[in-house]
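The structure appears right after this line, and notes come after that.
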Amino acid sequence: MSTPIPIRISDRPREECGVLGISTPHGDGVAQLAFFGLFALQHRGQEAAGIAVSDGQRARLHKDPGLVSTVFTPETLGPLTGYHAIGHTRYSTTGSSATRNIQPFLVETMHGPLAVAHNGNLVNANALRDELLQRGFGLTATSDTEVLTLMLAAAGGRTWQERVERTLPAWKGAFSMVILATDQVIAVRDPWGFRPLSVGRLPGGGHAVASETCALSTLGCVDIDEVRPGEIVTLQGAELTRHQALAPATSGARCTFEFVYFSRPDSVWDDQGVHEVRQRLGERLAGESPVDADVVIPVPDSSIPAAIGFARASGLPFNDGLIKNRYIGRTFIEPTQDIRERGVALKFNALSENLRGRRVVMIDDSLVRGTTAGPLVKLVRDAGATEVHMRITCPPITHACHFGVDMGHDGDLMAARLTVDEMTEHIGADSLAFLSLDGMMAAVSRADGYCNACYTGRYPIPIGDAQAKLSFEGVLA
């Protein structure tokens, strides 16, 4: 019997990961808090989830493949008692989706238990991994997070903060991390600030840290603030301490794709609401690439704010044209040939009454491999649209990401191989236009401090040693 293959029904760059850390003075329901925090970060990764908890003496861990709501039940959460917790929801960016790579990683050290969860990618993971092997370490996984964990376990220093600070300079790339020790949670962010990380105060005492502010809001946190690039933040019950371990990079490298696609619209990133920025992306796109049409529709869900902005700026009516099945997820049920051929219809259905006889502007956040844009255009045409004009709220993606986003290799990217005219013909649209880089940054309201390497090929740090996603899989197959 053949093993079912997960159906890839999206052309989006794949989510990175979501991390979460909680420390409370009373220990009431810390695992349950972690569960709800991870539930709010589910959009950042749907392959696996894990929570590690410490009661001040020993650590306990539960992790498995699947969505947060299926990995954790009252039975699996019950044994996770303690005062401090970290959690992770995963999409694999370095290392395969094998069970051995699920986070957090938990090891025993001479200083007590140590658990680590990580969002991002190290571009020098290959060299660091080789160094650990030469020093006699045994590696059981193919994730760069295991490398980070073992380096911390072997680091010198009186405290975990000292060990983190001594190890930090060796890590090159993107890392927003949460670390669980016996009696505390430590959060650390790379000096470039690639991936988001914020901290807030829990209403019942204690603190929480998470990849996105939406998770902190779900937990009722107040006094929410970003963890600064290069900063170490320690959560220990009611106490919160902050230490600038590394100077922030001269030129920051926040990921613009957090605004374009990844972050939940109710999150705040760089002191700006994601939903508001997405509306401005649509407004800029309408100004740069207007079109004579009858209706503006989004490709749900991340493009809805941009479509609202495009409609407002262009004076065209906004309406729903596509309905998304939000529960398709990553199905492992093998489809029939007929359903496989229908492809995008698994995830979207068209509203014929809103499309029939109309010239349609379809707003999407990105065009990566081009595998779903064509079927979407056809779906809208088959529903009766007389014209379909595609508008994309970011520039053409021409280069791979090496900092925690799985976009594929340069050769996989449609815009790296084809001109705009060729892409228009390939997807079957009447026209296709992308937002310019200047237009995107104007919508973001920042002139610099962001990583746009996937659009420009200008990486903020050298990537010469960056490894492919599955490069460590050769031995541990």
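A few points about this structure:
- Among the residues listed as VAL185, VAL147, VAL123, the single one being in contact with a strand residue (DSSP E or B) (Cβ under 9 Å, 6 or more places away or on another chain), surrounded by 20 or more Cβ atoms within 10 Å (Cβ to Cβ) and farther than 27 Å from GLY37 by Cβ: VAL123
- Note on segment 405-432: residues that are in contact with a His (Cβ under 9 Å, 6 or more places away or on another chain) and within 23 Å of HIS275 (Cβ to Cβ) total 0.
- So ALA433, is it without any contact (Cβ under 8 Å) to a residue 40 or more places away in the chain, assigned by TED's automatic domain parsing to the domain that holds PRO298 and touching a Ser or Thr at 6+ places or on another chain (Cβ under 6 Å): no
- Near pairs, Cβ below 7 angstrom, 6+ apart or cross-chain, from segment 45-57 (farther than 11 Å from ALA31 by Cβ) to any residue that is of a type in the set (Asp, Glu) and part of a strand (DSSP E or B): ALA48/ASP64
- Selection from segment 436-465 of residues that are aliphatic (A, V, I, L, M), touching a residue at least 60 places away in the same chain (Cβ under 8 Å) and under 22 Å from GLY370 (Cβ atoms): MET440
- From LEU168, LEU180, residue being within 11 Å of SER23 (Cα to Cα), in contact (Cβ under 8 Å) with a residue 60 or more places away in the chain, over 20 Å from the mean Cα position of the chain (by Cα) and not in a loop (DSSP other than H, G, I, E, B): LEU180
- Among the residues of segment 388-400, the ones that are touching a strand residue (DSSP E or B) at 6+ places or on another chain (Cβ under 8 Å) and either assigned to a loop (DSSP other than H, G, I, E, B) or on the phi > 0 side of the Ramachandran plot (or both) come to 4 in all.
- Condition check for GLY138 on (1) surrounded by fewer than 24 Cβ atoms within 10 Å (Cβ to Cβ); (2) assigned to a helix (DSSP H, G or I): one failure, at (2).
- All conditions but one from (1) among the aliphatic types (A, V, I, L, M); (2) surrounded by fewer than 17 Cβ atoms within 10 Å (Cβ to Cβ); (3) under 28 Å from GLY206 (Cα atoms) apply to ILE323; the one that does not is (3).
- Matching residues in segment 25-45 - criterion: being among the small types (Gly, Ala, Ser) and touching a strand residue (DSSP E or B) at 6+ places or on another chain (Cβ under 9 Å): GLY27, ALA31, ALA34, GLY37, ALA40, GLY45
- Selection within segment 192-225 - surrounded by 24 or more Cβ atoms within 10 Å (Cβ to Cβ) and acidic (Asp, Glu): GLU212
- Residues (of a type in the set (Val, Ile, Thr) and either in contact with a Pro (Cβ under 7 Å, 6 or more places away or on another chain) or farther than 26 Å from LEU379 by Cα (or both)) located in segment 403-442: VAL405
The values are calculated or read from the model by the stated rules, or taken from the named source; none is laboratory data. Note that the coordinates shown come from a computational prediction; the quantities given were computed from them, not determined experimentally. Quick reminder, even Gly has a Cβ in these numbers, built from the backbone with ideal geometry, and neighbours come from all protein chains shown.
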